[in-house]
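Taking it in order: structure first as C-alpha cells, then the write-up.
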Amino acid sequence: MFDSLLIAASQLIDPYNFFLILVGTLVGLVFGFLPGVTLLTAMALFLPFTHGMKPIGVMFLFSGIMGSAPFGGSISAILFNIPGEPFNAATCFDGYPMARQGEASRALGISAMASALGGLIGLVVLILLIPAIRPILFAFGPPEFFMVVLFGLVTIAVAIPGQMLKGLVAAGLGILISLIGFSSVTGVLRFSFGSQNYLWDGIKLVPFFIGIFAINEIIDYFVHGGTISLSGERKDSGLTGVLRGVRDVFHHWYAVLQGSVVGLIIGILPGVGGTVSNFLAYSMARQVSKDPGRFGKGAPDAIAAVEASNNSKDGGDLLPTVAFGIPGSSTMALLLGAFILHGINPGPLLVRDHLDIVWAIILGRLVSNLIASAIGLIAADFLARATTISVMYLVPVILTLAFLGAYADRENVLDIALAIVSGVIGYMLSRCGFPVVTLVIGFVLGNIGELAFLQSLQMSFGSYSIFFTRPISLLLFIGIVVTCLYGFYKMLRERARKRET
Amino acid sequence: MLAKIILTVIVALFGLSAPPSAQSQYPDKDISWIVPFAAGGGYDVWARALGRAMEKELPKGAKIVVKNVTGAGGRVGTTQLYRAKPDGYTIGMVDLGILPFQIAMGPEKAGYDLNRFSWIGVFAEAPWTIAVKKDSPLKSLKDVKTQGAKLRWGVLGPGETHWLAAMVTTGEMGIPFNIVSGYGGVSEMIPALLRGDFDLCPVLSTSALEYVKSGDLRPIAVLDDERFPAYPEVPSSKEQGFNIFSPFVRLAAAPPGTPPQIIKVLEGLLLKALKDPELRKWADSSGRGYEIVRPKGADAARTTMDEFIKVTQKYQKEMSAALQVSK
C-alpha cells in the first residue's frame, strides 16, 4: 500500500503535475466562490480538455478543484451570506453574523485554519478506516440513514432556547417544501401545482438556497442600506483579525475535532453525504458548546466545526470508491467517469490495480486544501474590505451573481423565479421571527429522511421493527432519546433558574 | 463620398443575402449532443467517447459538444431534444426508460413522442443480468420462482429501465413484484445489494462486469436468448425456461422533422465512429466493448423502438398504476 503512496507522492513533485494542482486549486476557489456554479460544473467544463493527458495528471487537476472549493464557497458565505456551494450553508449561519459585526477577517481566518485542519484530520481518519471499509459501509443502510437524519432534525428543535416552537414550525415547513416532486419510492408526483416537468425533481437546492440566503439578505440591504458590516467599520483590520481567527481555531480545538469526525462519518453515507454533514456538525457543536446562546450570532466554534466538517467530508466520499470503486458523491461520479474515459475501470479492483491513482486524489486534495487555506489567510484582510463598501455598490454585483447562479444550475429561467420567491418567503419568515436555520435544515433533511424511512419499510415488508432490531439503528435511536431528554432537562433547569432570579 | 457609402452598403447587403449553405456543406459548425444524464455516467461517457471519434470525420474545427441536461429521469433532456431545431446541429441520446411515462400520460401531456423522433441509430446494446450478492442462497431463476413472494427487487424507481426489466421478469415468471426503490443511481444500488437492502436486482451486464470480476456480484441469469460473452458460464433466461424480452439499447436521435439527408450523414458518422480503432480500444478496455455487438443504423433503431413499445404496452395497466401521475 505504501509504495503506491510513494509513487503518487513522487508524481506530485513533478512540476507539470504540481502546476495542474495549482490550476485546479485556483479553479476550485473561483467556482467554489461563485454561487450556483458548482464544482461539479467546473469539473464537467474541464473534462473535454483532459483528453490526451495522463490519468494521474487528470486526477491531480480534478482533486485540485475538489480540495479548494469548500474554502472558496466559505468566502462568499462569510462575506455575503451566499453559500458558494450547497454545503457551505451552515457557514453562513455564524460566519456572516461575524462579518456583520465587523470581524470578517476573523471569520475568514477561522475558516481557513479550520478547513486546513479538517482536511488533515479527515485524511488521517480515512487512512485509519481503510482496512475496515466494507464492514463500516455495510453497517449503514436506510434505517441507519433515517436515524441519522432524525438526530439532525431533533437536535435543531431541542437546542434553540426560547424559539423552540417557531423553530419547529420552520423546520416543518422546510420538510414540506422538500417533499415537492416525484417520489421514486411511491411513484407519485406531489405538490406539482399542475406542472409536469419543472417540479418533477422538486425544489432544487441551489436556486432555493440562493433565494433563502442571498435574495433574502438583498431585500434586507434594500430596506436598511448601509454596509455589510453593521457599524460601517471593521474591528480588525490588518493581520490582527486573521490571527485572532487562527487562535480561535486552536482555542476551540474540540469543535474542530468533532466537526472533522462528523464530517467524515456522514460523508461516508451515500445519498446522505456532504450537504447534510455541515448541518449535523453545526447542531452537534451547539450541543457541546460552552456558549450555545452565541450560535447564530457569530460563534467562533460554530464556524470552526462547520468548516472542519466541510473539508473532512471529502475523505468520506472516497471510501465507497476505495471499497468498491463506486462514487460516494456526484463529484466522485464525474471523477470516475473521467477514469473510464482514460481507460481505467473503476470497480472493486481499482484499489488493487490503480492504488496510486487513488493516492493521487487524496494527496491532490490535501495539497489543494492547504494551498487554498494559505491563500485565504493571506487574502483575508483584503477580502474583508468588502464589508465596508456601501451595499449600494455591492448589491448589483451580488444580485447578478445570484441570478446567474440560480440559472446555471439547470439552465432553466424558472429557477430564477424560484430563487426570488424563496427569497421573499425567507425574508418574511425571518421578519416574523422564524429562524431560517431550521427551515433550511428541514428542507435538506426532509426528503432524505422520508426516502430512508420508506426504503426501510420496503426492506422489512412494512414492519417497523427493522429500526430496532438492527444494532446501529437502535443505538442511534437511543442516542436521540438521550439527547432529547438532556435537552428538555437543560431547558427546565434554565426556566427554574430564571424563576429564582 | 456618398457614392462610396452607398456602394459599400449594397455590397454588404449582397453578402448578407447569400443563400444558406446547401445540405452538402453540412456539418460546418459545432454539433450539440444532449445527454439527459449526469456527467460521468454511462451515457455521458459514451457520448464523449463517440463524440471524439465522430469529430475526426467533421471538417476542421467543428466539434461535438456534450451538454448534460439532467432531470426527471432523463425526460428534461429528451424534451429539450424533442423541441430543438431540426437542423442537424442538435442531436442527443434517448433512454427508453422514459417510455412508460409517455404511455401513462399520452404524448400531449408528456411533452414528447418517442414515435416521432428522427432516429439516427442504435450505438450500443446490452442484455440485463439478474444479479445477487456473493453469498446469496439464490442460484438460478428456478430459485427465484420458488422464493417468489419473499424476494425484494432493487430498482431505481417506478417507470425506469431497471424497474421495467424487473417487472417484465416477475410478470413472465408469475411471481409478485416487491421492490425497494428510490436509489439515486446504479452506483447507489449496487452497494445496497451488497449490504443486503434487497435480495436481487437487474443490472446492465456491462455495468456489472467489474463486480462480477471481483466476485462481489454473482449473476444468476442473463435476460437474453444467448449467454453474455464476458461470463459464459451463466445461463441465459431462455435456457432456464423463461421467455423474457426486455432490451436495453442506447439510441441516438435527432429532433422530429430533421431532413433525411442530414440523418443519413449523421448515421454514417455514427457507424463510422463505432468502427474507429481508437474508440474500439477504449471500449474494450472499459468493458463497453461488449455493448458494440451489432451497431445499427436508423432503420434498426426504428424497429427496436416499435418492438419495445409493443412489450411495454403489454404492461400498460401496471405502469399507470405505478406511475400515479395521471390522477
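The values are calculated or read from the model by the stated rules, or taken from the named source; none is laboratory data. Just so it is clear, the structure is predicted and the values come from calculations on it, not from any experiment. Cβ coordinates were reconstructed from backbone atoms using ideal geometry, including for glycine residues, and neighbour counts include every protein chain displayed.
Taking residues in the range B:169-184 that are within 14 Å of chain A (Cβ to nearest Cβ) and in contact (Cβ under 8 Å) with a residue 24 or more places away in the chain, and partners anywhere that are surrounded by 20 or more Cβ atoms within 10 Å (Cβ to Cβ) and aromatic (F, W, Y), the pairs with Cβ atoms closer than 6 Å and at least 6 places apart or on different chains are B:I179/B:W153; B:V180/B:F198. Taken as a whole, the structure places A:I82 among residues that are of a type in the set (V, I, T) and more than 14 Å from chain B (Cβ to nearest Cβ). Taking the criterion of being farther than 20 Å from A:Y407 by Cα, touching a Phe, Trp or Tyr at 6+ places or on another chain (Cβ under 9 Å) and more than 14 Å from chain B (Cβ to nearest Cβ), the only residue of the range A:182-222 that qualifies is A:D220.
For the range A:307-408, the helices (runs of 4 or more DSSP H) that sit wholly inside it and include 3 or more residues that are touching a residue at least 12 places away in the same chain (Cβ under 8 Å) are A:330-341, A:355-384, A:391-408. Within the range B:70-87, if we keep just the residues that are surrounded by fewer than 21 Cβ atoms within 10 Å (Cβ to Cβ) and more than 10 Å from chain A (Cβ to nearest Cβ), the residue that is nearest to B:P158 (Cα to Cα) turns out to be B:R83.
Residues checked against (1) surrounded by fewer than 24 Cβ atoms within 10 Å (Cβ to Cβ); (2) in contact with a Ser or Thr (Cβ under 7 Å, 6 or more places away or on another chain); (3) of a type in the set (S, T, N, Q):
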position: A:G73; (1), (2), (3): no, no, no
position: A:G84; (1), (2), (3): no, yes, no
position: A:N88; (1), (2), (3): no, yes, yes
position: A:D94; (1), (2), (3): no, no, no
position: A:G102; (1), (2), (3): yes, yes, no
position: A:A112; (1), (2), (3): no, yes, no
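Contact annotation: residue pairs with Cβ atoms under 7 Å, 6 or more positions apart or on different chains, pairing a residue in the range A:193-209 that is without any contact (Cβ under 8 Å) to a residue 12 or more places away in the chain with a partner that is of a type outside the set (A, V, I, L, M, F, W, C) and surrounded by 17 or more Cβ atoms within 10 Å (Cβ to Cβ), are A:Q196/B:G111; A:N197/B:R75; A:N197/B:T79; A:N197/B:G111.
Identify all residues within the range A:338-387 that are within 14 Å of chain B (Cβ to nearest Cβ) and within 18 Å of A:I110 (Cα to Cα); write none if there are none. Matches in the range A:338-387: none.
Residue-wise test of (1) closer than 20 Å to B:S32 by Cα; (2) assigned to a helix (DSSP H, G or I).
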site: B:I220; (1), (2): no, no
site: B:D225; (1), (2): no, no
site: B:A230; (1), (2): no, no
site: B:F245; (1), (2): no, no
site: B:R250; (1), (2): yes, no
site: B:E278; (1), (2): no, yes
site: B:D284; (1), (2): no, yes
site: B:A301; (1), (2): no, yes
site: B:A321; (1), (2): no, yes
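Hey, does the range B:116-128 have a residue that's charged (D, E, K, R), over 29 Å from A:F49 (Cα atoms) and not assigned by TED's automatic domain parsing to the domain that holds B:R288? Among the residues of the range B:116-128, not one is charged (D, E, K, R), over 29 Å from A:F49 (Cα atoms) and not assigned by TED's automatic domain parsing to the domain that holds B:R288, which makes the answer no. Any residue at all in the range A:185-198 that is among the hydrophobic types (A, V, I, L, M, F, W, C), in a strand (DSSP E or B) and touching a Leu at 6+ places or on another chain (Cβ under 6 Å)? Within the range A:185-198 (the criterion being among the hydrophobic types (A, V, I, L, M, F, W, C), in a strand (DSSP E or B) and touching a Leu at 6+ places or on another chain (Cβ under 6 Å)), the answer is no, since none of the residues qualifies. Residue-level analysis places A:R410 among those that are modelled with pLDDT under 85, more than 25 Å from A:A302 (Cα to Cα) and within 23 Å of the chain's Cα centre (by Cα). Of all residues in the range B:149-159 being in contact with a helix residue (DSSP H, G or I) (Cβ under 8 Å, 6 or more places away or on another chain) and more than 8 Å from chain A (Cβ to nearest Cβ), which is surrounded by the fewest Cβ atoms within 10 Å (Cβ to Cβ)? Out of the qualifying residues, it is B:L151. Of the candidates A:A380, A:A374, A:A384, the single residue that is surrounded by fewer than 21 Cβ atoms within 10 Å (Cβ to Cβ) and farther than 30 Å from A:I340 by Cβ is A:A374. Residue count for the range B:24-69 under the criterion of being surrounded by 14 or more Cβ atoms within 10 Å (Cβ to Cβ), more than 11 Å from chain A (Cβ to nearest Cβ) and part of a helix (DSSP H, G or I): the result is 3.
Per-residue answers, yes or no, for (1) under 26 Å from B:R52 (Cβ atoms); (2) at pLDDT below 85; (3) within 14 Å of chain A (Cβ to nearest Cβ):
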position	(1), (2), (3)
B:V222	no, no, no
B:E233	no, no, no
B:I262	yes, no, no
B:L271	yes, no, no
B:A298	yes, yes, no
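Only a single item in (1) buried (at least 21 other Cβ atoms within 10 Å of the Cβ); (2) closer than 24 Å to B:K85 by Cβ; (3) small (G, A, S) is not met by B:S286, and it is number (2).
B:G215 - would you say it is away from chain A (no Cβ under 14 Å) and surrounded by fewer than 16 Cβ atoms within 10 Å (Cβ to Cβ)? No. Of the helices (runs of 4 or more DSSP H) lying entirely inside the range A:427-501, those carrying at least 3 residues that are basic (K, R) and either more than 22 Å from A:S178 (Cα to Cα) or in contact (Cβ under 8 Å) with a residue 60 or more places away in the chain (or both) are A:471-500. Could you tell me which of the residues A:A281, A:A285 is under 21 Å from A:L150 (Cβ atoms), free of Cβ contacts under 8 Å to residues at least 60 places away in the same chain, of a type in the set (A, V, I, L, M, F, W, C) and buried (at least 24 other Cβ atoms within 10 Å of the Cβ)? Checking each option against the conditions leaves just A:A285. Here A:F182 fits the description: surrounded by 21 or more Cβ atoms within 10 Å (Cβ to Cβ) and touching a strand residue (DSSP E or B) at 6+ places or on another chain (Cβ under 8 Å).
Within the set A:F208, A:F151, the sole residue that is within 20 Å of the chain's Cα centre (by Cα) and surrounded by 23 or more Cβ atoms within 10 Å (Cβ to Cβ) turns out to be A:F208.
Candidates are the residues of the range B:186-210 that are farther than 21 Å from A:L454 by Cα and hydrophobic (A, V, I, L, M, F, W, C); the one that is nearest to the other protein chains (Cβ to nearest Cβ) is B:L209.
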